[in-house]
Amino acid sequence: MSVVTKLRCITLDVTGTLIAYKGELGDYYCMAAKSVGLPCPDYKRVHEGFKIAYTKMAKEHPCFGFAEKIPNIVWWKTCVRDSFLKAGYDYDEETFEKVFKRIYSTFGSAAPYSMFSDSKPFLRWARKEGLLVGLISNAEYRYRDVILPAMGLNQGSEWDFGVFSGLEGVEKPDPEIYKIALERAGNIAPEAVLHIGDSMRKDYVPAKSIGMHALLLDRFKTPDAQEWRKSGATVLPDLVAAQEWLNSKQSTIE
C-alpha cells in the first residue's frame, strides 16, 4: 500500500517550497530608488539593514501587527524605513514615500517571485488523488489575495484552504498554526495529514509535535539537510521526488 492511500490531506509551506524570490532584495530596493532619481543604494547594506529591521518588527509587532490591528501598509512602511535607516540612508518624507510606494507595490505583485516548475503539477496531482491541499505560510494577506492567484496558484484548482499568519495572528513554528490547518480541513485527524516544507524548525518539528506526518524539501542543497536526515527526517530534493515517494509501496510514514 502506498503512502498516499493512508492520507486525507497534504499541507505545504509556500516560500521555498512552492515559490521562491527572484534575485536579491537589494535589486528591488535599488530599482525603487532609481525610479525617483536617487543613486542605487548599497545592496549588501540594505539587505543587512532589512534583516535587522524585519526581525525587530516581527518581534515587537508579530504577524504583521495582527493583535494591534496595525494596517498592513503601515507595518511595512515602518519596516522599510527602518531598513534604509539601518543601512545609512535617511530620505526626506516626500522622497521616502515615493520609494516606499514602489517597493510596496512590487512586493504586492508576482514580480519578485518565481514558481518552481513542479509546484502546480504536484498540487493538481494531489487534489486529483482526492486529497485536500492546504497552504501554511508566515505571510500576510496579499499572498492569498494577490500574489498566489497572479502566479496561477488558485484556491479551488491548486489548493483548497490556506492558513496565513497575517490573517490568523499565529505563525510558524507555533504548533497552533498547524492545529488551525487541521480545523480548516474539517477537523481531520493529524495522522491523516502530511506537511511538506523546507525548514526543520518551522515546518517539520511543529507539524510532528501535534501528530502530523512531515517531510522536508532540500531544493537548494543546504548544508543543514545532512543534520535533518540524521535526526530521522525524510528529505527529498523536490516535489517530483515527493510525488514518487508518496506513490511508492516501499515508502513508509510513522
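Things to note:
- Within the listed set Leu131, Leu148, Leu38, the Gaussian network model of the chain (springs between alpha-carbon atoms below 10 Å) gives the highest mean-square fluctuation for Leu38.
- Amide H contacts of Trp159 (H built 1.01 Å from N, under 5 Å, at least 5 apart or other chain): Asn154
- Counting Lys and Arg as +1 and Asp and Glu as -1 over every other residue whose Cβ lies under 10 Å from the Cβ of Trp75, the net charge comes to -1.
- Electrostatic dipole magnitude of the range 25-85 [Cβ: Lys, Arg +1; Asp, Glu -1; Cα centre; debye, to 20]: 20 debye
- Accessible-area ranking of Tyr54, Tyr91, Tyr178, largest first, probe 1.4 Å: Tyr54, Tyr91, Tyr178
- Under 5 Å, built H, 5+ apart or other chain: amide partners of Tyr113: Lys22
- About its Cα centre, the dipole of the chain is roughly 320 debye, where the only charges are +1 on Lys and Arg Cβ and -1 on Asp and Glu Cβ.
- Note on the chain: antiparallel DSSP beta bridges, both residues inside, total approximately 15 percent of the bridges counted.
- GluC sites (Glu not before Pro) restricted to DSSP loop in the range 41-71 with at most 16 other C-beta within 10 Å: Glu68
- Using heavy atoms of the protein chains and a probe of 1.4 Å, the accessible area assigned to Arg184 is about 110 Å².
- When shorter helices are ignored and each DSSP H run of at least 4 residues is given -39500 (n - 2.57), the per-residue value for the chain at 222 nm works out to -12000 deg cm²/dmol.
- Close amide-amide hydrogen proximity is noted between Leu12 and Gly134, Leu135, Ile136, Ile196, each under 5 Å apart and 5 or more residues distant or on a separate chain (H modeled in the peptide plane; Pro and chain starts excluded).
- Portion, in percent, of the accessible area of the chain that falls on carbon or sulfur, probe 1.4 Å: 53 percent
- Summed over the residues of the range 71-111 and divided among them, the accessible surface reaches 49 Å² per residue at a probe radius of 1.4 Å.
- Listed candidates [x] 8, 34, 39, 17, 2, 0; [y] 7, 29, 33, 20, 9, 2, 0; [z] 6, 23, 21, 16, 15, 11, 5, 2, 1, 0 - label of the one calculated as P(r) over Cα pairs in 10 Å bins from 0, in percent: [y]
- Residue-normalised accessible area of the range 149-196, given per residue in Å² at a 1.4 Å probe: 36 Å²
- Asp90 - accessible surface, heavy atoms, 1.4 Å probe, Å² rounded to 10: 130 Å²
The values are calculated or read from the model by the stated rules, or taken from the named source; none is laboratory data. These figures come from a predicted structure and were not determined experimentally. Ideal geometry is used to build each Cβ from the backbone, glycine not excepted, and the neighbour counts take in all protein chains shown. Heavy atoms of the whole protein, side chains included, go into the accessibility calculation; ligands, DNA and RNA do not. Shrake-Rupley method; radii C 1.70, N 1.55, O 1.52, S 1.80 Å.
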